[in-house]
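The values are calculated or read from the model by the stated rules, or taken from the named source; none is laboratory data. These figures come from a predicted structure and were not determined experimentally. Here Cβ is always computed from backbone atoms with ideal geometry, including for glycine, and neighbour counts include all displayed protein chains. Ligands, DNA and RNA are stripped out before the accessible areas are found, and what is left, the full protein with its side chains, is counted by its heavy atoms. Shrake-Rupley method; radii C 1.70, N 1.55, O 1.52, S 1.80 Å.
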Protein chains: 2
Amino acid sequence: MNRDFLSIVGELNLAKRVLVVGHIMPDGDDISSVLSATIGLQKLGKEAIAGIDWKIPWYFYEFEETSLIKRYEEVKESGFSPDFVLILDASSPDRIGKFQEFLGNVPSAVIDHHGTNTFFGTFNWVDTKFGSTAQMVLRLNGELGVQYDERLATINLMGIATDTGFFRYTNADEIVFSDATKLVSMGGKPYLISRLFENKRIEQFKLLSTMIEHLRTENDGKIVYSYLSKNDYEKNNCTEDDSGGFVGELRSIQGIELAIFFSEYERGEIHVSFRSRDWFDCSKLAVLLGGGGHPRAAGCTLRGELSVIIEEVIREAKIMYSSQYSSVKS
Amino acid sequence: MNRDFLSIVGELNLAKRVLVVGHIMPDGDDISSVLSATIGLQKLGKEAIAGIDWKIPWYFYEFEETSLIKRYEEVKESGFSPDFVLILDASSPDRIGKFQEFLGNVPSAVIDHHGTNTFFGTFNWVDTKFGSTAQMVLRLNGELGVQYDERLATINLMGIATDTGFFRYTNADEIVFSDATKLVSMGGKPYLISRLFENKRIEQFKLLSTMIEHLRTENDGKIVYSYLSKNDYEKNNCTEDDSGGFVGELRSIQGIELAIFFSEYERGEIHVSFRSRDWFDCSKLAVLLGGGGHPRAAGCTLRGELSVIIEEVIREAKIMYSSQYSSVKS
């Protein structure tokens, strides 16, 4: 067993007031991990507060427990003084936003499955063999002796399901299925998780049509990209939450290797998502552009004029596509 | 262990030439079950031929083994004379099309998980506790001593994945996850299965936009329905295969209970698909209209003018919705 894992278990056994922190622009794995650890610690009788310095996408409120997650300002105003900070699914300090302020004063632990992790905690359990951080929280809760009920099992399973594209990506391996089996046997309900993605508004379908109209390809159809501008969101009465799965739609187009989606929700602030199918390492492209992620799914945020940013990112993507192609095929 | 299951194992142990038959309008579970049983029997040194009296949707050819499946005419012309007929995932004789001709001459077995099964084989192993017939074939192959390799494990897993909406429906229970874990541990690759749904043509997105334009609701948004006419398919350069997942898109709309999709691929021949979320029993509506299926997913085929059929089916759906609602809520 990993030494940092055992240290983290030891620290949490002693801790009384734990701040459980996720990352900015939180995804399903992050929200699941933060909630599962927080609820687990509360079940052990500890004071635990969940904090994410970002607005939680509306569809996660399908799980009422999501309301446990506090913004930085709320935690600050409450006067909560943690004796331990547990950071989940965040690869570097900037990813936890203003919650960085809590680091340094008390011991902290980072639990993460990203290869790009910078080991910024007092203790760091980082293991890329896991398809999701939620699986690591399952092990943490198990070692701490947390009793699972149907709700906790479902919330914990949500992170595994979302980070593996509902068991469809290459990271959906035997450990993923075996952990999912365990959580389902403890009462986890996959169909409750699938509702996160089954609450589409008709406007979302119209937004999708707009994105399809903007679609372009490069490198003989191997690179496909599209965008939604601030105007597109407004015109369709949508927010950026509504385009959460769109890069996956681009990735599902026949014959492509790399899909890129540009989303300008705040004017001049572009969220860029990268997804690949077989061999392109998206995390290298994302890191080059100041972001991070996994080989098959990564992202970054850039500021500037949408059309200029699209042009620049596509230029870099084409260069990196060619160089990665050469080394993969040789 | 079920007595018919053991009888079927005994018969197959003795059989030399087995015809493995699936149903008309085959879905992923049927194709997976037919291929897994056929390949399993071939691995045991038996002559086994797979037969389905219907065109296989193009995207299943992502698995090259799909070419093992013969049409009725091909089996007939080959002069193949089976000493046993194994029927998979078909609830009644009409569902196997012209292959009915082989019944009666030699002993047959029906393996199926549909509650609407009519027990039309010499032996009938029917068990609705399974989310997919593919899981029953996994047990059959196990009892017969079939050695799994990566290909067979992936093909067998495909049926479990497709019939549970890739582990998202209410039938994705502990047995489903535990069987999936077993198949993944034997080399099954979920990401190869997900490619069935990740080969979308841009035309398919345009067809989806057309369906969204046709969308209507009834009963305060609880019933949602839409259609694609022969003209819509032609205009978008698409075939009915391209709209395979569209009823699932309708089912994903916020707040609905029952989704209905009408597809007129051949002029005057309408395929109607029903999907529900929480309580509406689609199979009752489908059986009333001459079709069949499961509580949450069912279908039927009707002949006539598209607009007339839509009107009639929606009328029946609304009546049944009200009566089922009364009994569910009381």
Rounded to the nearest 100 Å², the accessible area hidden between B and A, summed over both chains at a 1.4 Å probe radius, is 3500 Å²
Under a point spin-label approximation (7 Å from Cα along Cα-to-Cβ), what is the A:Lys235-A:Val287 distance to one decimal in nm?
3.8 nm
Only sites in a loop by DSSP and with at most 15 other Cβ atoms within 10 Å count here; which chymotrypsin sites (Phe, Trp or Tyr not before Pro) in the range A:115-153 make the cut?
A:Phe119
Computing the accessible area with a 1.4 Å probe over protein heavy atoms, can you report the carbon and sulfur percentage for the protein assembly as shown?
48 percent
Counting only protein chains, not ligands or nucleic acids, how are A:Ser323, B:Ser330, A:Ser108 ordered by accessible area (probe 1.4 Å), most first?
B:Ser330, A:Ser323, A:Ser108
Compute accessible area for the range B:206-225 by itself and then with all protein chains, 1.4 Å probe, and report residues whose area falls by 20 Å² or more.
B:Leu208, B:Ser209, B:Ile212, B:Leu215
Can you classify the range B:3-197 as rounded, prolate or oblate using the Cα gyration tensor, where a ≥ b ≥ c are the square roots of its eigenvalues, rounded means a/c under 1.5, and otherwise it's prolate if a/b beats b/c and oblate if not?
rounded
Obtain the nm distance between the two label points defined at A:Glu316 and B:Trp58 by a simple spin-label model: each point lies 7 Å from its Cα along the Cα-to-C-beta direction.
3.7 nm
Percent of beta bridges antiparallel (DSSP, chain A, rounded to nearest 5):
45 percent
The size of the Cβ-based charge dipole (Lys, Arg +1; Asp, Glu -1) of the range B:26-146 about the Cα centre, to the nearest 20 debye, is 180 debye
Suppose every Lys and Arg Cβ carries +1 and every Asp and Glu Cβ carries -1, with no other charges. What dipole size does chain A come out with about its Cα centre, to the nearest 20 debye?
360 debye
Say R0 is 41 Å: what FRET efficiency, to the nearest 0.05, do A:Gln100 and A:Thr217 get from their beta-carbon distance?
0.55
Using a/c under 1.5 as the rounded threshold, could you call the range B:187-330 rounded, prolate or oblate? The axes a ≥ b ≥ c are square roots of the C-alpha gyration tensor eigenvalues, and prolate needs a/b larger than b/c, oblate otherwise.
oblate
homo-copy label distances at B:Leu14 (7 angstrom along Cα-Cβ), nm, one dp, ascending, are 7.2
Prolate/oblate/rounded label for the protein assembly as shown (Cα gyration tensor, a/c 1.5):
prolate
Per the helix-only model, chain B has a calculated mean residue ellipticity at 222 nm (DSSP H runs of ≥4, -39500 (n - 2.57) each, divided over all residues, rounded to the nearest 500) of -12000 deg cm²/dmol
Which percent of Cα pairs goes in each bin when the distances of chain A are cut into 20 angstrom slices starting at zero?
32, 57, 11
Past 32 Å, Cα to Cα, is the threshold; run A:Lys235/B:Lys284; B:Lys43/B:Lys129; A:Lys206/B:Lys230; A:Lys46/A:Lys98 against it and keep the listed order.
A:Lys235/B:Lys284
Would you mind pulling out the separation of the Cα centroids of the range A:83-109 and the range B:269-330, in Å?
53 Å
Taking R0 as 51 Å, what FRET efficiency do you get between B:Ser81 and A:Ser78 from their Cβ-Cβ distance, rounded to the nearest 0.05?
0.05
Pull up the DSSP beta bridges for the protein assembly as shown and report the antiparallel fraction as a percent, rounded to 5.
45 percent
In a shell of Cβ-Cβ distance under 15 Å around A:Arg267, excluding A:Arg267 itself, what net charge do Lys and Arg (+1) and Asp and Glu (-1) give?
-4
Return the FRET efficiency for the residue pair B:Gln147, A:Asn2: r is the Cβ-Cβ distance, R0 is 35 Å, and the value is rounded to the nearest 0.05.
0.45
In nm, one decimal, shortest first: how far is the label point of A:Lys318 (7 Å from Cα along Cα to beta carbon) from the matching points in the other copies?
5.6
Can you list the distances in nanometres, one decimal and ascending, from the B:Phe119 label point to the identical position in each other copy, with the point 7 Å along Cα to Cβ?
6.6
With the full set of protein chains present, the residues of the range B:164-178 whose 1.4 Å probe accessible area falls by 30 Å² or more relative to the chain alone are B:Phe166, B:Phe167, B:Arg168, B:Thr170, B:Glu174, B:Phe177
